[in-house]
Amino acid sequence: MPTSPGTGVRFITTDFWRVFTMKKLMAFDVDGTLFVNGEISRENAQAIKRWQDAGNLAVCSTGKSLFAAKKTFEGSGIDFDFYVLFTGAVVTRGDEEVLFEKSLPKDVVAEVVERLVQYDNISVFATDIDSDYELHNPLAQSSHMLLNFVPLKVEELAERDIIGIPIQVADDALRADIHRWLTEEYAGQLDAHLNQDFIDIVPANCDKSTGLRWLDENVFAGEQIETYSIGDSWNDLPMHAWAQHSASFNYSPQDVKDATETVVEHSWEYINSALGESGAKDA
């Protein structure tokens, strides 16, 4: 530590002080992380508010559309600073201003959907920047993953810029087969991310780290930020790899737990720990 000339008194340099006042950013998955058992807990909402009141940033990082994400947090009191949506294909500010957007090729959307709607045991949805659409739901399945959707005819897809195609597949073997077909047949044209009983189809080279890296390079350029992530499933792995600190849950798949620094029971535990309060235990 430097010494002030002629005084023998040591002082803290600007760079040293910046380390201890560094802004923090936490990226939050939604389903299974903040939205659990069909609700946002008061404890999680209050912890995010304390996080932001301490001068830190809260980023929603989800496979959902902006419409669905906003609907999920409606009435919770949570106001995110930024949204990373559609598994990294869209980035917006908290006020919904779109900063970055990437959509799927229309010919790829048409081909993929044409095949998927032939199955009689899966549900097929599509999302654009404004809405969520139901294309094919033979079993009348419902899911808290898609809270509100508008029925849409497959032939009307060509009129819209589709960003995501969520597929609900309950059967593990079928889900693996469809995922394999998508990743092999459409390599370089789309990405397919596993998320519990869903597959999220998004534009190529998009994952949760894509949007976070875009924010890092284009919004926070040159700013020193300590990064955290919390998420429960496989589609959160790129986000966890991006973050300096990461957390999953005791109910997460084992390979997800193995990939994170910390394992918790509730999101608020991890937030408390990052704030220096009582909280998480190491994995």
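The values are calculated or read from the model by the stated rules, or taken from the named source; none is laboratory data. It should be emphasised that the depicted structure is a prediction, and the values quoted were computed from it without experimental measurement. Cβ placement follows ideal geometry from the backbone for every residue including glycine, while neighbour counts extend to all protein chains displayed. SASA here: full protein model, heavy atoms, side chains in, ligands and nucleic acids out. Shrake-Rupley method; radii C 1.70, N 1.55, O 1.52, S 1.80 Å.
Summary table below
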{"quantity": "Matching residues in the range 84-118 - criterion: being under 13 Å from Val202 (Cα atoms) and in contact with a His (Cβ under 6 Å, 6 or more places away or on another chain)", "calculated": "Thr87"}
{"quantity": "Residues of the range 77-88 that turn out to be in contact with a strand residue (DSSP E or B) (Cβ under 6 Å, 6 or more places away or on another chain) and either open to solvent by 30 Å² or more (accessible area, probe 1.4 Å) or at pLDDT below 95 (or both), as a count", "calculated": "3"}
{"quantity": "Cβ-Cβ under 8 Å pairs, at least 6 apart or on other chains, the range 219-236 side free of Cβ contacts under 8 Å to residues at least 60 places away in the same chain, far side open to solvent by 10 Å² or more (accessible area, probe 1.4 Å)", "calculated": "Trp234/His193; Trp234/Leu194; Trp234/Asn195; Trp234/Pro253; Trp234/Asp255"}
{"quantity": "Residues that are in a strand (DSSP E or B) and under 21 Å from Ser103 (Cβ atoms), drawn from the range 189-208", "calculated": "Leu190, Asp191, Ala192, His193, Asn195, Phe198, Ile199, Asp200, Ile201, Val202, Pro203"}
{"quantity": "Residue identified as out of contact with any Asp or Glu (no Cβ under 8 Å at 6 or more places or on another chain) and surrounded by 19 or more Cβ atoms within 10 Å (Cβ to Cβ) among Gly231, Gly276, Gly222, Gly211", "calculated": "Gly211"}
{"quantity": "Checklist (1) in contact with a strand residue (DSSP E or B) (Cβ under 7 Å, 6 or more places away or on another chain); (2) not in a loop (DSSP other than H, G, I, E, B) applied to Leu174, failing item", "calculated": "(1)"}
{"quantity": "Residues satisfying the stated conditions in the range 51-73, i.e. under 11 Å from Phe28 (Cβ atoms), of a type in the set (S, T, N, Q) and not in a strand (DSSP E or B)", "calculated": "Thr62"}
{"quantity": "Count of residues meeting criterion [among the hydrophobic types (A, V, I, L, M, F, W, C) and open to solvent by 20 Å² or more (accessible area, probe 1.4 Å)] in the range 190-208", "calculated": "1"}
{"quantity": "Residue check, Ile129 among the hydrophobic types (A, V, I, L, M, F, W, C), assigned to a loop (DSSP other than H, G, I, E, B) and at pLDDT 95 or above", "calculated": "no"}
{"quantity": "Test: residue in the range 179-189 that is open to solvent by less than 10 Å² (accessible area, probe 1.4 Å), at pLDDT 95 or above, closer than 23 Å to Asp128 by Cα and in contact with a Lys or Arg (Cβ under 8 Å, 6 or more places away or on another chain)", "calculated": "no"}
{"quantity": "In the range 237-255, the residues that are in contact with a helix residue (DSSP H, G or I) (Cβ under 6 Å, 6 or more places away or on another chain) and within 19 Å of Asp31 (Cα to Cα)", "calculated": "Pro238, Met239, Ser246, Ala247, Ser248"}
{"quantity": "Residue check for Ala27: surrounded by 21 or more Cβ atoms within 10 Å (Cβ to Cβ), at pLDDT 90 or above and part of a strand (DSSP E or B)", "calculated": "yes"}
{"quantity": "The range 93-138, subset aliphatic (A, V, I, L, M) and over 21 Å from Ala192 (Cβ atoms), residue most open to solvent (accessible area, probe 1.4 Å)", "calculated": "Val98"}
{"quantity": "Whichever residue in the range 245-261 is in contact with a Phe, Trp or Tyr (Cβ under 7 Å, 6 or more places away or on another chain) and of a type outside the set (Gly, Ala, Ser) and, among such residues, is most open to solvent (accessible area, probe 1.4 Å)", "calculated": "His245"}
